[in-house]
Amino acid sequence: MNLSRHINARTLPLIVTSLLFVALFGFGSIAYTGFFSAQVFINLLIDNAFICVVAIGMTFVIISGGIDLSVGSIVALTTMVTAALVEHHHWSIWAVIPLVLLMGAGFGLLMGVLIHAFQLQPFIVTLGGMFLARGLCYVISIDSISITDESYTQIAQYRLMLGEETFISISALIALAVLAFAIYLAQYTRFGRTVYAIGGNERSALLMGLPIGRTKILVYTLSGLCSALGGVLITFYMLSGYGLHALGLELDAIAAAVIGGTLLTGGVGYVAGSLVGVLILGVIQSLIAFDGTLSSWWTRIAVGVLLCLFCLMQRLFERGSQSFSFLFSYWKKPAEPSNNTDQEASKACLTQVTTRTAA
Amino acid sequence: MTVEPILVMQGIRKSFPGVAALKNVQLRLFPGEVHALMGQNGAGKSTLIKVLTGVETPDGGEIRLKGELIQPTCVGEAQAIGISTVYQEINLCPNLSVAENIFIGRFPIRGPAIDWKTIERESQTALAALNIHIDVTLPLASFPVAIQQMVAIARALSTAAQVLILDEPTSSLDEDEVERLFQALRQLKQKGMAILFVTHFLDQTYAISDRITVLRNGEFVGEYAASALSRLDLINTMVGREIDEASYAAETAAQTGSVAADPYVSACGLGSTGTMRPIDLDIYQGQVLGLGGLLGSGRTETARMLFGIDHTDSGTIRVGGEAVKLNSPRKAVQHGIAFCPEDRKTEGIIAELSIRENIILALQARRGIFRYLPKRLQRTIADEYIQQLGIRTPDAEKPIGQLSGGNQQKALLARWLATDPKMLILDEPTRGIDIAAKLEIMELVKAQCRKGLAILFISSEMSEVLRVSDRIAVLRDRQKIGEIAGKDADEQSVFRMIAGAES
């Protein structure tokens with residue numbers, strides 16, 4: 001395969017993001033002893049598994065041209081419902097987990113239906129969903145509920161050993177599985193391609209005969225499902241349910257998607273990019289933790305700067321590619337226009353009527 | 001021929017609030033023919049196509065495909081039964097690859113996944129049939145509009161449709177590309193496909209069509225064999241009244257009312273480094289100055305400099321004898337200059353607002369928001385212009401977006417006339433509207449001129465410039481190369497001027 005063919009305005013942000021991750025990791029490895037190890041890398045996945053899953057759902061929504069602000073609250077609600085059912089009602093986790101996943105998907109479905117059927121702004125609908133879900137957490141309890149159920153803690157603490165000293169958690173494995181499925185969904189299924197088409201131009205997609213309504217509803221359902229799964233992963237990580245869990249997670253997820261090369265205007269982006277985006281957020285946190293002298297709020301500052309830089313970069317790449325496009329030779333034999341004679345001049349004048357460009 | 005028509009539409013009716021868009025319209029399509037659907041703007045062509053392709057549901061009438069009653073309710077359904085459409089504005093997704101745009105909605109699946117290899121291979125074949133050889137894996141947006149239009153056509157063709165609808169597919173293609181498209185259409189015709197072709201260009205209609213159906217004001221006028229209908233007859237049936245073709249083509253401007261002795265606006269050496277070389281222009285009240293020149297010769301740039309949109313770095317402008325600096329449109333408006341920009345949809349109308357609000361906009365802006373025009377006065381002004389300019393609408397409160405292109409243009413004209421300007425710049429006021437509306441607009445321009453307005457008229461159709469203008473300033477390569485009096489000029493002399501300046 002010709003590599004240079006695949007480097008264009010679409011893939012460049014992803015490539016730059018990946019290189020940035022390598023650079024940041026490399027910097028950490030040189031600056032801090034003990035940073036360069038497989039475990040530090042895998043920990044990035046383990047610690048950020050839930051953001052990763054949530055960001056994947058968000059990526060689909062953003063590619064479709066929408067936004068989902070409710071994800072953080074659905075995560076919190078999931079942790080609350082899970083903790084309450086497992087601890088207070090002593091349900092089996094094998095009943096609870098499918099139930100909460102269904103709940104998250106249902107929540108997303110409902111918002112999707114509202115957005116599609118009534119042509120409402122995704123921003124407002126999911127903002128409503130955000131308040132609603134966060135509020136519902138406190139109906140269950142205003143305090144944190146810790147999970148002590150044995151089968152739950154066993155899963156949470158299970159470590160799959162990779163070699164002598166490295167291990168990976170169930171959460172990280174789930175996140176990777178979700179990622180693999182999401183890539184398949186985005187690149188190799190009709191649903192995925194329809195999502196891209198809607199984000200590119202919804203009206204065109206409609207006129208091309210694509211199932212707009214179903215796809216849009218499914219996108220929000222998928223995001224709700226991912227949020228619920230993210231909530232389950234948080235309960236594995238924190239072993240508690242709390243209404244204040246995942247505060248502002250929706251913004252982290254959006255940031256991860258954008259840093260990973262997804263355009264907020266829709267139509268452009270890669271699911272894998274969001275993983276790299278999450279890893280970059282994670283590696284910045286690790287760097288600050290290893291440094292030890294900086295406050296953890298520096299993560300926010302770094303993310304803020306990065307976000308601005310990435311948006312700027314995407315715009316610059318787009319401009320660049322526009323000027324490149326004139327260099328492509330697309331006709332087999334280019335016709336040289338000449339208007340030396342009267343006849344040709346009048347011909348040229350006739351054709352200019354049909355030409356789109358403004359004088 | 002005793003061939004059965006493949007598609008029959010009969011008694012189609014469709015109303016939108018306030019307007020009957022289609023009244024008892026019929027259409028027959030035979031396999032192996034190219035059928036032109038003609039009519040002025042607002043005749044109902046687009047609505048008919050929308051009904052046929054499932055975008056709109058008809059209020060009455062029946063559609064039969066191969067004898068069977070069909071009622072497509074969405075585009076996908078119409079496609080599935082073999083009706084493919086290429087729309088006027090390119091309806092593809094710029095972010096997807098060319099191959100994907102051709103196949104989306106009916107991706108071949110191999111195993112659990114989309115078969116990208118087949119898609120790429122078959123897209124290449126489909127485009128090669130139109131003699132286009134491009135990398136189909138690149139995003140659509142990386143190609144020029146003409147290529148995108150050809151991709152849209154390739155998409156429609158590759159659906160193995162029985163009926164292909166082309167809604168003004170050539171408006172973004174150049175002559176060479178049109179010919180390529182026609183070659184492809186002739187091949188398809190031989191294969192027995194029925195092609196419905198909508199266009200405003202008479203030459204193209206006659207170059208490709210076998211039969212012509214004419215609509216007027218939402219009504220079916222007639223179905224004719226293309227060989228049996230002369231151009232003049234076609235125009236007459238479309239317009240519904242006699243139009244002398246010769247007078248349309250090149251009527252030299254009849255001298256209009258009294259011309260002021262001194263120019264109202266006089267530009268001397270006006271130029272802007274990099275965009276426009278210094279230019280001298282005198283625009284008199286009671287006279288139309290036309291800007292003639294090919295695409296890219298600097299017509300719009302000249303207008304923008306005069307209206308203070310583009311920065312100038314040399315020369316002077318005198319308005320009414322006084323030297324002024326027009327460095328913003330606001331200044332220009334204060335000096336009585338009005339400007340109708342060329343892109344009606346994006347720079348002109350505000351589609352959601354009513355006709356009244358659109359007309360009143362510039363006048364209110366000039367007065368400032370603290371001197372609000374009472375609604376009753378607004379309505380009087382709007383009604384006056386609706387009547388004066390012959391804007392066809394049930395009332396002034398209708399959203400302007402629902403009017404046809406010609407009527408929108410008239411409303412825009414009204415917007416600026418309402419400000420009582422001394423000079424009016426019209427940039428492509430006749431673009432995208434039909435012949436009768438063009439004639440009407442041109443008549444209005446001349447009538448306003450007779451009232452003592454100074455007009456700068458820009459059009460890419462030279463015959464229109466010739467018809468309207470008292471004098472023509474000829475531009476080439478962002479430079480003025482000469483001036484001709486309208487009555488001495490014909491297309492040939494202008495073109496000779498342009499061609500002569502080349503050496």
message = Suppose we keep only residues that are surrounded by 13 or more Cβ atoms within 10 Å (Cβ to Cβ) and assigned to a loop (DSSP other than H, G, I, E, B) within the range B:237-247. Which one would you say is modelled with the lowest pLDDT?
response = B:243
When residues of the range A:75-98 are limited to those that are part of a helix (DSSP H, G or I) and of a type in the set (Ser, Thr, Tyr), the one surrounded by the fewest Cβ atoms within 10 Å (Cβ to Cβ) = A:82
note = Picked from the range B:445-476 (must be outside any loop (DSSP other than H, G, I, E, B) and polar (S, T, N, Q)), the residue nearest to residue B:487 (Cα to Cα) is B:463
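Residues are listed down the side, and each one gets a yes or a no for (1) buried (at least 18 other Cβ atoms within 10 Å of the Cβ); (2) of a type in the set (Phe, Trp, Tyr); (3) within 14 Å of the chain's Cα centre (by Cα); (4) under 11 Å from residue A:64 (Cα atoms):
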position	(1), (2), (3), (4)
A:177	no, no, no, no
A:180	no, no, yes, no
A:184	no, yes, no, no
A:195	yes, no, yes, yes
A:203	no, no, no, no
A:206	yes, no, no, no
A:209	yes, no, no, no
A:214	no, no, no, no
A:217	yes, no, no, yes
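Taking residue B:288 as the residue in question, decide whether it is β-branched (Val, Ile, Thr), under 21 Å from residue B:493 (Cα atoms) and modelled with pLDDT of 75 or more. Quick ask: steps written out before the conclusion?
Numbers: β-branched (Val, Ile, Thr): yes; under 21 Å from residue B:493 (Cα atoms): yes; modelled with pLDDT of 75 or more: yes.
The answer is yes for residue B:288.
Mind telling me which of the residues B:28, B:110 ends up being surrounded by 16 or more Cβ atoms within 10 Å (Cβ to Cβ), outside the structural domain of residue B:405 (by TED's automatic domain parsing) and modelled with pLDDT of 85 or more?
Details: B:110 fails: surrounded by 16 or more Cβ atoms within 10 Å (Cβ to Cβ).
Being surrounded by 16 or more Cβ atoms within 10 Å (Cβ to Cβ), outside the structural domain of residue B:405 (by TED's automatic domain parsing) and modelled with pLDDT of 85 or more holds for just one of B:28, B:110, which is B:28.
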query = Among the numbered criteria (1) within 11 Å of another protein chain (Cβ to nearest Cβ); (2) on the phi < 0 side of the Ramachandran plot, which single criterion is violated by residue A:242?
reply = (1)
inquiry  = For a quick check of your reading of the model, give me the residue pairs whose first member lies in the range B:73-93 and is facing chain A (nearest Cβ under 7 Å) and small (Gly, Ala, Ser), whose second is part of a loop (DSSP other than H, G, I, E, B) and crowded, with 22+ Cβ neighbours inside 10 Å, with beta-carbon atoms closer than 6 Å and at least 6 apart or on different chains.
reply    = B:76/A:209
query = Only one of these conditions is not met by residue A:294: (1) part of a helix (DSSP H, G or I); (2) surrounded by fewer than 24 Cβ atoms within 10 Å (Cβ to Cβ). Which number is it?
reply = (1)
query = Filter the range B:205-228 for residues that are under 15 Å from residue B:434 (Cβ atoms) and surrounded by fewer than 21 Cβ atoms within 10 Å (Cβ to Cβ); which is nearest to the other protein chains (Cβ to nearest Cβ)?
reply = B:216
message = List the residue pairs whose Cβ atoms are under 8 Å apart, where the first residue sits in the range A:190-210 and is within 7 Å of another protein chain (Cβ to nearest Cβ) and over 14 Å from residue A:266 (Cβ atoms), the second is of a type in the set (Gly, Ala, Ser) and in a helix (DSSP H, G or I), and the two are 6 or more positions apart or on different chains.
response = A:208/A:197; A:209/B:76; A:209/B:78; A:209/B:80; A:210/A:197; A:210/B:76
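In the range A:211-225, what residues are more than 14 Å from chain B (Cβ to nearest Cβ) and either modelled with pLDDT under 95 or within 30 Å of residue B:102 (Cα to Cα) (or both)? Full working, then the answer.
First pass over the range A:211-225, keeping only residues more than 14 Å from chain B (Cβ to nearest Cβ): A:216-225.
Selection gives A:216, A:217, A:218, A:219, A:220, A:221, A:222, A:223.
When the range B:54-79 is examined, which residues are found to be touching a Cys at 6+ places or on another chain (Cβ under 9 Å) and on the phi < 0 side of the Ramachandran plot? Spell out the reasoning first.
Here is the first cut: in the range B:54-79, the residues touching a Cys at 6+ places or on another chain (Cβ under 9 Å) are B:54-55.
Matches in the range B:54-79: B:55 only.
Evaluate the following for residue B:194: is it surrounded by fewer than 22 Cβ atoms within 10 Å (Cβ to Cβ) and either without any contact (Cβ under 8 Å) to a residue 12 or more places away in the chain or over 30 Å from residue A:12 (Cα atoms) (or both)?
On the way: surrounded by fewer than 22 Cβ atoms within 10 Å (Cβ to Cβ): no; either without any contact (Cβ under 8 Å) to a residue 12 or more places away in the chain or over 30 Å from residue A:12 (Cα atoms) (or both): yes.
No: the conditions fail for residue B:194.
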ask   = Quick check, is residue A:228 more than 10 Å from every other protein chain (Cβ to nearest Cβ), touching a Leu at 6+ places or on another chain (Cβ under 6 Å) and assigned to a helix (DSSP H, G or I)?
value = yes
ask   = Can you tell me which residue in the range B:113-151 is nearest to residue A:209 (Cα to Cα), limited to those that are of a type in the set (S, T, N, Q), surrounded by 16 or more Cβ atoms within 10 Å (Cβ to Cβ) and facing chain A (nearest Cβ under 8 Å)?
value = B:137
task = Could you list, in sequence order, all residues of the range A:84-95 that are of a type outside the set (Ser, Thr, Tyr) and more than 16 Å from residue A:137 (Cα to Cα)?
result = A:89, A:90, A:91, A:93, A:94, A:95
remark   = The lone condition residue B:107 fails out of (1) touching a Leu at 6+ places or on another chain (Cβ under 7 Å); (2) outside any strand (DSSP E or B); (3) on the phi < 0 side of the Ramachandran plot is (1)
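Does residue B:334 satisfy the criteria of being in contact with a Phe, Trp or Tyr (Cβ under 9 Å, 6 or more places away or on another chain) and either within 17 Å of residue B:302 (Cα to Cα) or at pLDDT 80 or above (or both)? Walk me through it before giving the result.
Values: in contact with a Phe, Trp or Tyr (Cβ under 9 Å, 6 or more places away or on another chain): no; either within 17 Å of residue B:302 (Cα to Cα) or at pLDDT 80 or above (or both): yes.
So residue B:334 fails the test.
Residue by residue, here is whether (1) modelled with pLDDT of 95 or more; (2) touching a Gly at 6+ places or on another chain (Cβ under 7 Å) holds:
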| position | (1), (2) |
| --- | --- |
| A:161 | no, no |
| A:165 | no, no |
| A:168 | no, no |
| A:177 | yes, no |
| A:199 | no, yes |
| A:202 | no, yes |
note = For the range B:329-345, pairs from a residue that is assigned to a loop (DSSP other than H, G, I, E, B) to a residue that is among the basic types (Lys, Arg), with Cβ under 7 Å and 6 or more apart or across chains, are B:336/B:422; B:342/B:431
request  = For the range B:419-434, state whether one or more residues are surrounded by fewer than 23 Cβ atoms within 10 Å (Cβ to Cβ) and among the hydrophobic types (A, V, I, L, M, F, W, C).
outcome  = no
ask   = Is at least one residue of the range A:145-154 at pLDDT 90 or above and under 21 Å from the mean Cα position of the chain (by Cα)?
value = no
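The values are calculated or read from the model by the stated rules, or taken from the named source; none is laboratory data. None of the values given here were measured: they were computed from a predicted structure. Don't worry about glycine lacking a Cβ; one is built from the backbone with ideal geometry, like all the others, and counts go over all protein chains shown.
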